[in-house]
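Inspection log for the structure reproduced underneath, given as structure tokens.
Taken together, the values in this text are just the output of simple stated rules run on the coordinates, not laboratory data. Quick caveat: nothing in here was measured; it's all calculated off a predicted structure. Virtual Cβ from ideal backbone geometry, glycine too; neighbours counted across all protein chains shown.
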Ligand SMILES: Cc1ncc(COP(=O)(O)O)c(CNc2conc2O)c1O
């Protein structure tokens, strides 16, 4: 039996992941831990495969968005001795479960502890990372009182260990560094409120890690650039070394036909052939995360650019071919063909969004093929 039956798939080049992690490790130095941020199914790249590769390449921790993602990694085989940090909020009643799985939680409210101690003492102590809001305005304590109340609760109960303190930058990927500097200085000031020094102090995401290796304390939370993507357009000219994009997206023509001028294509009959044209049908649509706004963009077929014509359907879309091509011809939506390349950034630009959004929007319906040294080591098909 085959791993998947529809000829549409994403390819994740794990060598690129490995290279990007190793490059960051060299960039930040041996005293800084690389925390591989593998939330949202590793930004759509496959959480367990990216996690394993990042750990092989020298990452020492994993970070996810919420507890379910951390428990999923344990289920998929990430051993207990690999610490996982939940970056989002976790209900206090789940603290003992997290502790039992060596999952560290982000804490930022004193009243969280009031509820968490109800379940104390825990079988295993819970590692907590205290989050400080220096200007991201999302999660985090902002006052000395809050910080001291949390420190007091931690010192009162051996079930809690302050493993880390951190903050998150809102503008580290922008040319102008005023707000970044404001947040960094605020973080320095807030750190003085700590009566106990945790082993880990971290503030950097990819952008800050790449730009300010001397201002990231002792861990970097490495997300977007582990996947080989620049944190922003502005950052591209500031990259200290080249990144290798890991994600590509492909399909194969299911139908080829010649239409005459005046014939219509797809829902709404919005596209009208100008003259005789060769039209190909591609089995990918908005239920795969290739959204309707991708209309008017192009794909690569036989090394040439082929425009998407007519509305993108739920499962299929049509393209105008440069000339007749056989059914089964490979179509590349993101990636390279014969020297031409469509990058994640190109797709993001077409729909006025950021590159982060593209791979993690490619849905569970698209199987992921994992490559190492150019050969397939695994296929993950969430449909079957
Ligand atoms: C707290 C935290 N740390 C680190 C990262 C990694 O950042 P990077 O991918 O730029 O390296 C993120 C990513 N968070 C998000 C990325 O996109 N939207 C977000 O909320 C984050 O939320």
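Starting from the alpha-carbon convex hull of the range 138-189, give the projected area averaged over all orientations, in nm².
Over every viewing direction, the Cα hull of the range 138-189 projects on average to 4.4 nm².
Could you work out [θ]222 nm for the chain from helices alone, using -39500 (n - 2.57) per DSSP H run of at least four and dividing by all its residues? Round to the nearest 500 deg cm²/dmol. Please report the intermediate quantities before stating the final value.
Working: 11 runs with 97 residues, N = 384.
Here the helix-only value at 222 nm equals -7000 deg cm²/dmol.
Per residue and in Å³, how big is the convex hull formed by the alpha-carbon atoms of the range 268-338?
88
Could you tell me how many cubic angstrom of Cα convex hull volume the range 8-62 has per residue? Each step should come with its number before you reach the end.
On the way: hull volume 3.7 nm³, N = 55.
Cα-based convex hull of the range 8-62, divided per residue, equals 67 Å³.
Once you order the gyration tensor axes a ≥ b ≥ c over the Cα atoms, which shape class does the range 170-227 get: rounded for a/c under 1.5, otherwise prolate or oblate by comparing a/b with b/c?
oblate
Starting from the alpha-carbon convex hull of the chain, give the projected area averaged over all orientations, in nm².
Mean orientational projected area (the chain, Cα hull): 21.0 nm².
Restricting to Cα atoms and excluding each atom paired with itself, what does the Kirkwood estimate give for the range 78-145 in Å?
12.6
Please determine, in degrees from 0 to 90 and to the nearest 10, the orientation of helix 178-191 with respect to the longest principal axis defined by the Cα atoms of the chain, where the helix direction is its Cα long axis.
For 178-191 against the chain, the angle is about 30 degrees.
Principal axes first, then extents: for the Cα atoms of the range 1-92, list largest minus smallest coordinate on each axis, whole Å, largest first.
Per principal axis, max minus min of the Cα coordinates gives 47, 37, 20 Å.
With both partners inside the chain, how many of the DSSP beta bridges are antiparallel, as a percent to the nearest 5?
Among the beta bridges of the chain, antiparallel pairing accounts for roughly 55 percent.
Decide, for the range 209-307, between rounded, prolate and oblate: order the square roots of the alpha carbon gyration tensor eigenvalues as a ≥ b ≥ c, take rounded if a/c falls under 1.5, and otherwise choose prolate if a/b is larger than b/c, else oblate.
prolate
Based only on Cα atoms, what Rg/Rh ratio does the range 226-384 have, Rh being taken as Kirkwood's radius?
Values: Rg = 16.5 Å, Rh = 16.7 Å.
Value, to two decimals: 0.99.
If one takes the longest principal axis of the Cα atoms in the chain, at what angle in degrees, from 0 to 90 and to the nearest 10, does the Cα axis of helix 144-156 lie?
The angle comes out at about 70 degrees.
Comparing 374, 304, 142, which has the greatest mean-square fluctuation in the GNM of the chain with Cα pairs linked when under 10 Å apart?
374
Relative to the first principal axis of the alpha-carbon coordinates of the chain, what is the inclination of helix 47-56, with its axis defined by its Cα atoms, in degrees from 0 to 90 and to the nearest 10?
Tilt of helix 47-56: around 60 degrees.
Given just the C-alpha atoms of the range 85-194, how large is their convex hull per residue in cubic angstrom?
Normalising the Cα hull of the range 85-194 by residue number yields 88 Å³.
As a footprinting exposure proxy, order 226, 294, 24 by other Cβ within 10 Å, with the fewest listed first. Write out the running numbers ahead of the final one.
On the way: 226 30, 294 20, 24 27.
Exposure proxy ranking, most exposed first: 294, 24, 226.
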